[in-house]
1. Assign unit charges at the C-beta atoms only (+1 for Lys and Arg, -1 for Asp and Glu), then state the dipole size of region 46-97 relative to its Cα centre in Debye, rounded to the nearest 20.
2. What value does region 150-295 have for Rg/Rh, both radii from Cα atoms and Rh as Kirkwood defines it?
3. Please report the relative contact order for region 229-293, taking Cα pairs under 8 Å with a sequence separation of at least 6, and give it as a percent rounded to a whole number.
4. Can you send over the carbon and sulfur percentage of the accessible area for region 171-275, probe radius 1.4 Å, protein chains only?
5. Going down the list Lys217/Lys290; Lys171/Lys225; Lys139/Lys171, which pairs span over 18 Å between their C-alpha atoms?
6. If the only charges are +1 at each Lys and Arg Cβ and -1 at each Asp and Glu Cβ, what is the size of the charge dipole of the chain around the Cα centre, to the nearest 20 debye?
7. Based only on Cα atoms, what Rg/Rh ratio does region 72-187 have, Rh being taken as Kirkwood's radius?
8. Under the rule of at least 5 residues apart or a separate chain, name every residue whose amide H is placed under 5 Å from the amide H of Gly177.
Amino acid sequence: MKNKLVFVLALLVIVLTGCTTQDKSNQADAAPKYYVEKRQTPKTNLNVIPTLFFHGGLSNYKGEENMVKAAQKAGVTNSIIRANVDANGKVKLIGTISKNAINPIVEVNYRNNVQLDFKEHGRYARNVVQTLQNEYGIKKVNMVGHSLGNISIMYYLLQTAHDPEMPKLNKQVSIGGHFDGLDFKQLPIAIRQPSNLHVDAEGKPNKTNSTYREMMKLRTLYPNKQTSVLNIIGNIGGNSDGIVKNASSLSLEYLVEPMAKSYRVVKIVGKNAEHGQLTYNKQVEKEIIKFLWLQ
């Protein structure tokens, strides 16, 4: 109940501040401005694949910590740092990835955690990845997103698909993703879930909002047979995790499956499958650890 209240408060913040993707989308499609310059030579060259965790709306890195601590306890990582991203997209790394790092984890922390200009999410994520690239010379990344955090991953891919110099996406985990919108009338129509939404056997939705249609470019832009995808959804009853309808989460398949190396869905059920509880769910922890580091 607490998580639902938090989400409703987030919606009120969004509505009252007038922060909508629909307004932003009317601006010219100029290339996003980045605050990280590419370096010719990284400060350090580490042969590791960092895993970036992206939190949901009205949240912060603390929403990722339970999963991160589970990975640490399981012994699959020995290095955890944080990437603070301010409202302008500037990145500050807190901590250092050591030379003997095993499966380092980066807890991404957005100052603006109610940003509904989804292109900004992509820019924030790109700035984080470029900062890690400049510091450590990374060649590949894993990405884990919860709720709105998945938008960072999708728009990062939209913005970097044609850039061969960017690190490759190795594995992607979605938790409670709302790819074809959320079923709240208070939201801008560009990101609101279409009414009576359902998906077919291939994850194709019967209706789409404009944001989903933009992400459909990934059907050809998504890394070709390079990225393994795990889609974790919750069902507390009524094919919903209480916030996100399963149909919206399952619509990820249609966006990535043609190009993905592999795609798998894990459905979590019961009271701990509620949207805000998914990142504290023991089964979710086990599935992420197995998928990212034990396969």
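1. Once rounded to the nearest 20, the dipole reads 80 debye.
2. With Rg and the Kirkwood Rh in hand, the quotient comes to 0.96.
3. For region 229-293, the relative contact order is 41 percent.
4. On the way: 2110 of 4330 Å².
The value for region 171-275 is 49 percent carbon and sulfur by accessible area.
5. Lys217/Lys290
6. 540
7. Working: Rg = 14.6 Å, Rh = 15.0 Å.
Rg/Rh: 0.97.
8. For Gly177, the qualifying residues are Ser147.
The values are calculated or read from the model by the stated rules, or taken from the named source; none is laboratory data. The structure presented is a predicted model; accordingly, all values stated were derived computationally and were not measured. Please note: Cβ atoms are built from the backbone with ideal geometry, for glycine as well, and neighbour counts cover all protein chains shown. Each accessible area value is taken on the protein alone, full model and side chains, heavy atoms only, with ligands, DNA and RNA left out. Shrake-Rupley method; radii C 1.70, N 1.55, O 1.52, S 1.80 Å.
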